[in-house]
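Participant: Submitted below is the structure of interest, expressed as structure tokens.
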Amino acid sequence: MHKSQRGGDSLSIHDSWHDSLRGRGSLPDAPDDLWSPGAEHRRKMRSMRRRLLAFVVCLALSACIVLAALWAENTAAPKAQAVEIAQSADATSADTMGESSDTSDATDTDTTSDATASSTPAEAQNESVTLDSTNFSDPACVGADPGALRISPDGATAYIVSNGSEVCAVDIPDFTTTHTATLPGDSLGVNGGVTLSTDGARLFVATTAGIAVIDTASYAVTTLDLVTSNYVVTRDGSTLYAVVQSGGTWQIDTVDVAGGGITSQPVVFQEGADPSVVNPLIVSDDGVTVIADAQYDSAEHILAIEPATGSSTHLAVAAVSYIGCASPDGTKVYVPDSSVSNVLEVNANSREVGVISVDSQARIVSMALSADGSRLAVGTSTGAHLYDAASGAKVRDLAANEPDAYVSPDGRYLMSVSVGSDGAAGGAGAAAGGAGAAASGLTTLDVSRSASDSGTTVQTGQVYYDGVGAGGDVEVRGVAFAPDGSAMYVLATGDASSSGASSNTGVSSTTSDSVGRLIRIDLNGFSDASTAAQKSSSSKTLPLIIALVVVGCALIAGSIWIRRRLASAESAKR
């Protein structure tokens, strides 16, 4: 009782002292609870929250700095320098018009590549890859003067047609000659003169003695009494249509391939038309309409000709039809329009003409269609573009612009092959041959691939041509793909007078004593390189993922710690 009274007296004296100070102005007026225990707790809580907030902000800033540094390291890539080859202003000169278009599934080269541009945009990234290849040379098959290459629809057989009178069948992938056939005369050339029917049952070759028809099952040869390379065949190869000039009059011949019978009708052109050249391009499924290119009045005209009557209908004015390409089913053809800035899509079944707008400021120099007919690649004097063939819509700009470009069978990649330098290092040949390859003067073929739908990487590999002419003039005569896109087949030959046969120091080869070569290029090297690049990218991404996990865990741990401190402080107050 006594202690309580003293405690009470002490509190009373303390309060009186504060009251006297306030009265004299020594202390400011303040709420009654300023000095209470609850106010002290709130001050401590505010101070704690400020410190915790500063901690979280510092942690977040540190995380952002670390992530930014890792991201920059992961995405940094050197930009490739643009490589330009001069474009000729006369890439579509009149003297090159009139060459017929080869509409088969393999593509033969022509003189257009000498006057077109090849470039890689500055934003493209170049990547070197290693490609495996095999050189095949059988004197009876590619030794004389190889002229054209066709691959069967099942990808099991390569047909090589010489510019002489030989045709051979090469088994793939064994690279052995299984059959040979002798033509009734010398081949008339590769531009439209060699056609494999869509079903692969017949191979047609225009010769000086008529059109040879080779049954690919028995390799029996029959000859149609028609000397011309201006012809098209139906999908099943049962009917052939040719446009020829007889006695100064153009006529369209309908040929029954099995029986050999020929029915002819004079072609009736529009009034005043006097064509100097008429090239059939495609034929409708029912055989009622043949789409042809006729040159008159200093222009190229697309006509629909009816074989049964010879009547013709003018559809459009085009330009340089030899740049064009046909759909795999042979019912559509794509050619530049008269401005050489847009693409005309001509449908033989409907006789309709569609227009794909390309670039009014550029000239079209090349076109290529995928084997499934879904994608159309168009090279121009300023760049290359990819289009959806069905809608005509532009898919994207391409990372490479090659004058002799090929679209992979699935439409995913744009491919090109060109003759490189003698004995240059690169590819599987360089790995195997080393200095010996360079010393022997082997000629390289540069093969490139760029994705058609995404990315800006252009992959390039080199393979060796080891036939006669290595070190001299080497020419690519034909390019074809395996149906599944796993391999590219290149038919090449050189000038035998330029050098002797080179020993094979860089690639696998069956012999080394003939002129031409059929080169099989394994395209899986591109895929392997892409996979390796993805793994490399993944290895760079791993630290970024780890950093994200660590930062996330730190933020979660910090949040839990803050909540516990606040809960502890609240418990202490109570």
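The values are calculated or read from the model by the stated rules, or taken from the named source; none is laboratory data. Predicted model, so just to flag it, every value in this text is computed and none were measured. Here the Cβ positions follow ideal geometry from the backbone for every residue, glycine too, while neighbour counts run over all protein chains shown. Protein only, heavy atoms only, side chains kept; ligands, DNA and RNA dropped before computing areas. Shrake-Rupley method; radii C 1.70, N 1.55, O 1.52, S 1.80 Å.
Participant: Restricting to the range 342-357, name every residue that is surrounded by fewer than 22 Cβ atoms within 10 Å (Cβ to Cβ), in contact with an Asp or Glu (Cβ under 9 Å, 6 or more places away or on another chain) and in contact (Cβ under 8 Å) with a residue 24 or more places away in the chain.
Facilitator: Across the range 342-357, the qualifying residues are GLU345, ASN349, VAL353, GLY354, VAL355, ILE356.
Participant: Please determine, by comparing only the residues of the range 479-501 that are open to solvent by less than 10 Å² (accessible area, probe 1.4 Å) and touching a helix residue (DSSP H, G or I) at 6+ places or on another chain (Cβ under 8 Å), which one is modelled with the lowest pLDDT.
Facilitator: Within the range 479-501, the match that is modelled with the lowest pLDDT is THR493.
Participant: Return yes or no: is VAL476 under 22 Å from VAL515 (Cβ atoms), open to solvent by 20 Å² or more (accessible area, probe 1.4 Å), β-branched (Val, Ile, Thr) and at pLDDT 70 or above?
Facilitator: no
Participant: Ok, one more. Give the range 161-180 a look and list any residue that's among the hydrophobic types (A, V, I, L, M, F, W, C) and crowded, with 19+ Cβ neighbours inside 10 Å, or say none.
Facilitator: VAL161, VAL167, CYS168, ALA169, VAL170, ILE172
Participant: Would you confirm whether or not the range 383-396 contains a residue that is closer than 26 Å to THR493 by Cβ, modelled with pLDDT of 85 or more and surrounded by 17 or more Cβ atoms within 10 Å (Cβ to Cβ)?
Facilitator: No: zero hits.
Participant: Looking at the range 315-335, which of its residues are outside any helix (DSSP H, G or I) and either of a type in the set (Gly, Ala, Ser) or free of Cβ contacts under 8 Å to residues at least 24 places away in the same chain (or both)?
Facilitator: Matches in the range 315-335: ALA316, VAL317, ALA318, ALA319, GLY324, ALA326, SER327, GLY330.
Participant: Hey, can you tell me all the residues within the range 180-202 that are touching a Phe, Trp or Tyr at 6+ places or on another chain (Cβ under 6 Å) and under 16 Å from PRO146 (Cβ atoms)?
Facilitator: Listed by number, the list holds a single entry, ALA181.
Participant: Could you list, in sequence order, the residues of the range 142-160 that are modelled with pLDDT of 85 or more, surrounded by fewer than 24 Cβ atoms within 10 Å (Cβ to Cβ) and among the small types (Gly, Ala, Ser)?
Facilitator: Of everything in the range 142-160, those that are modelled with pLDDT of 85 or more, surrounded by fewer than 24 Cβ atoms within 10 Å (Cβ to Cβ) and among the small types (Gly, Ala, Ser) turn out to be SER152, GLY155, ALA156.
Participant: Do we have ALA304 as more than 19 Å from GLY193 (Cα to Cα), among the aliphatic types (A, V, I, L, M) and open to solvent by 70 Å² or more (accessible area, probe 1.4 Å) here?
Facilitator: When the stated conditions are applied, ALA304 does not pass them.
Participant: Consider the range 240-265. How many of its residues are at pLDDT 90 or above, open to solvent by 30 Å² or more (accessible area, probe 1.4 Å) and in contact with an Asp or Glu (Cβ under 9 Å, 6 or more places away or on another chain)?
Facilitator: Here the count works out to 4.
Participant: Only one residue in SER366, SER360, SER312 is out of contact with any His (no Cβ under 9 Å at 6 or more places or on another chain), open to solvent by 10 Å² or more (accessible area, probe 1.4 Å) and not in a strand (DSSP E or B). Which one?
Facilitator: Checking each option against the conditions leaves just SER360.
Participant: Using the structure shown, decide if VAL378 is in contact (Cβ under 8 Å) with a residue 60 or more places away in the chain and surrounded by 23 or more Cβ atoms within 10 Å (Cβ to Cβ).
Facilitator: no
Participant: Right, something else. With ALA124, ALA82, ALA89, ALA94 as the choices, which residue is modelled with pLDDT of 55 or more and not aromatic (Phe, Trp, Tyr)?
Facilitator: When all the criteria are applied, what remains is ALA124.
Participant: Need the failing condition index for GLY237 against (1) open to solvent by 30 Å² or more (accessible area, probe 1.4 Å); (2) within 34 Å of the chain's Cα centre (by Cα); (3) of a type in the set (Gly, Ala, Ser), just the number.
Facilitator: (1)
Participant: Among the numbered conditions (1) farther than 21 Å from TYR387 by Cβ; (2) among the aliphatic types (A, V, I, L, M); (3) in contact with a strand residue (DSSP E or B) (Cβ under 6 Å, 6 or more places away or on another chain); (4) at pLDDT 90 or above, tell me where ALA273 comes up short.
Facilitator: (4)
Participant: Working only within the range 181-215, note down all residues that are surrounded by fewer than 23 Cβ atoms within 10 Å (Cβ to Cβ), part of a loop (DSSP other than H, G, I, E, B) and not hydrophobic (A, V, I, L, M, F, W, C).
Facilitator: PRO184, GLY185, ASP186, GLY189, ASN191, SER197, THR198, ASP199, GLY200, THR208
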